[in-house]
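Note sheet for the following structure.
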Amino acid sequence: MKSIPLCQPWFDSVYADRVREQILSTQIGPGPVTAEFASQLASYVGSHYCIVTTSGTVALSVASFTVGLKPGDEILVPAYGVISTINAFASFGLKPKLVDIERQTGCMSPTELKKQITDKTRAVCFVNFSGFTGQNLIEVVRICQERNLPLIEDAACALGHRFGGKSAGTFGDIGTYSFSVPKIITTGQGGALITKSKNYFEKARSFIDQGDSNWRKTNLIRGIGNNFRFNDILASFGLAQLKTIEKRIARKKATYAILQKSLKNKIFQVPSTLPPLHHIVFARKPRALINYLGDHGITAVRQYRTISQHPSYAYLGNRNFPNADFWTKYAVYLPFGLSLTEKEAQKIVEILANSPIALDSIIN
Ligand SMILES: Cc1ncc(COP(=O)(O)O)c(C=O)c1O
C-alpha cells in the first residue's frame with residue numbers, strides 16, 4: 001500500500017514548459033525574469049519593494065543585516081517552530097532570545113514579548129506560524145513601534161494570507177517568504193524579502209550582490225556582502241506558479257475544507273481566507289496516533305519542538321516555555337502538500353473517525 005505522503009508538491013505541466021523555454025533562451029543567471037518575479041511578488045502582496053534570494057533562511061539573515069543588526073545584538077524569536085528562523089540570526093552572530101508562543105495561535109505571545117523586552121533587545125522576529133496573522137500580530141507591531149524596535153516578519157509559510165486587508169509579510173518593517181518544497185509557491189529552494197523602505201531595499205539588494213549592486217558598472221565595491229542572488233531558471237518556475245496562484249490556493253482550500261468539516265475545532269485554524277499551510281491536530285498520545293495512521297497508509301509526524309530542546313540552543317532553556325512544550329508534546333502534522341487529493345483527504349477523515357486514539361482540541 002502506498003502511503004499518502006506528508007508533503008508532495010503539485011505542478012501544472014505549463015510550469016515545466018516555461019522552465020524549458022527559459023533554459024533554451026540561455027538566460028539562466030540573475031536577470032530580467034528574476035526582476036519580474038520580484039516585481040510581481042511585490043504587487044501580489046501590496047508592498048513597494050521585493051528582492052528574491054536563495055532561501056527563506058537567507059532572506060531572514062539579510063533582513064537582520066538590513067535593519068542594522070550587528071553580531072552580538074539581541075533579537076527575540078518564538079520558542080516553538082522551525083529551526084530556520086533562529087538559525088538565520090544565530091549564524092549571523094546575533095544573540096537570539098526565546099519568547100513563548102500563544103497556545104491558540106502557535107505564534108509569539110504579545111504578553112510574553114512585553115515581558116522579555118529589555119534595554120538589550122535590538123529587534124523582534126514574529127513568525128506567521130503556518131500562515132497565522134491575526135490580532136496578536138497587530139499587537140506585536142504596536143509593541144515594537146512603541147519601543148522603536150525593528151520588526152522582521154517571517155511569513156515563510158504565509159504567502160497569500162491576508163488579515164484586515166493587509167498581506168502577511170507586510171506588517172513588519174521587513175517581511176520574508178520561503179519557496180522551499182512545502183510552500184504554496186515552490187522553486188525547490190528560494191526566498192524573498194519585502195519592504196516599503198527604499199533604504200532597506202537598497203541595502204539588502206547590495207548585500208546579496210557582493211556589497212554593491214552597482215559594481216558591474218563602476219568596478220567598485222563600497223560595502224561588504226555576499227552572493228545570495230536568485231536566477232532566471234528558478235524565477236521562471238516561480239513566476240509561472242505565481243500567475244496561477246489562485247488555482248494552487250483552490251487545491252489547498254478543497255482538501256482543508258474536507259478535513260475541517262469533519263474535524264471542526266480539532267484541526268488548527270488561522271484567521272484568513274486561506275487555510276493554514278500545515279494540517280495540524282492534537283492528541284494526548286501522539287506517537288500512538290502517528291503509528292495508527294501509518295498502519296492505515298497515512299504519513300503523519302511530529303514536526304517541530306521547543307527550540308531550547310535542540311542541543312545547539314540548550315543554553316536558552318533557562319526559562320520555561322509551557323505553550324511551546326504543549327505543541328511539542330501534542331501536535332501531530334497530517335499530510336498537507338498540494339498533491340493531496342480530495343479523495344485522500346476523505347480517507348484521512350474516515351481513518352481518523354475510526355481511530356481509537358482521541359484527538360484533543362488545542363484549547364484543552
Ligand atoms: C517559518 C519558517 N521560517 C523560515 C523558513 C526557512 O525557509 P527556507 O527553507 O526557504 O530556508 C521556513 C521553512 O520552512 C519556515 O517554515
| task | Read through the list (1) touching a Cys at 6+ places or on another chain (Cβ under 7 Å); (2) closer than 17 Å to His48 by Cβ; (3) not acidic (Asp, Glu), then give the number of the only condition that Gly169 fails. | result | (1)
| note | Scanning the stretch 72-106 residue by residue, the ones that are of a type in the set (Lys, Arg) and in contact with a Phe, Trp or Tyr (Cβ under 8 Å, 6 or more places away or on another chain) total 1
| said: Contact list please: Cβ distance under 7 Å, first residue in the stretch 94-118 and part of a loop (DSSP other than H, G, I, E, B), second residue among the charged types (D, E, K, R) and open to solvent by 40 Å² or more (accessible area, probe 1.4 Å), pairs at least six apart or on different chains. | reply: Asp100/Glu112; Ser109/Glu102; Ile117/Arg147
| Do we find that Gly46 is at pLDDT 95 or above, away from the ligand (no atom under 15 Å from the Cβ), outside the structural domain of His310 (by TED's automatic domain parsing) and under 26 Å from Val270 (Cβ atoms) in this structure? | yes
| request: Sort through Pro32, Pro78, Pro5 and tell me the only one that's under 20 Å from Val181 (Cα atoms) and either of a type in the set (D, E, K, R) or at pLDDT 95 or above (or both). | output: Pro5
| What's the number of the condition Pro322 fails, among (1) touching a helix residue (DSSP H, G or I) at 6+ places or on another chain (Cβ under 8 Å); (2) open to solvent by 50 Å² or more (accessible area, probe 1.4 Å); (3) more than 18 Å from Thr255 (Cβ to Cβ); (4) not aliphatic (A, V, I, L, M)? | (1)
| said: Go through the stretch 56-73 and report how many residues are open to solvent by 20 Å² or more (accessible area, probe 1.4 Å) and near the ligand (Cβ under 8 Å from one of its atoms). | reply: 2
| query | Has the stretch 138-150 got at least one residue that is out of contact with any Gly (no Cβ under 9 Å at 6 or more places or on another chain) and touching a residue at least 60 places away in the same chain (Cβ under 8 Å)? | reply | no
| task | May I ask you to say which residue of Ser64, Ser84, Ser43 is over 22 Å from Ile184 (Cα atoms) and polar (S, T, N, Q)? | result | Ser64
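The values are calculated or read from the model by the stated rules, or taken from the named source; none is laboratory data. Just so you know, these numbers come straight off a predicted model, no measurement behind them. Virtual Cβ from ideal backbone geometry, glycine too; neighbours counted across all protein chains shown. Just the protein is used for accessible areas: all its heavy atoms, side chains included, with ligands, DNA and RNA removed. Shrake-Rupley method; radii C 1.70, N 1.55, O 1.52, S 1.80 Å.
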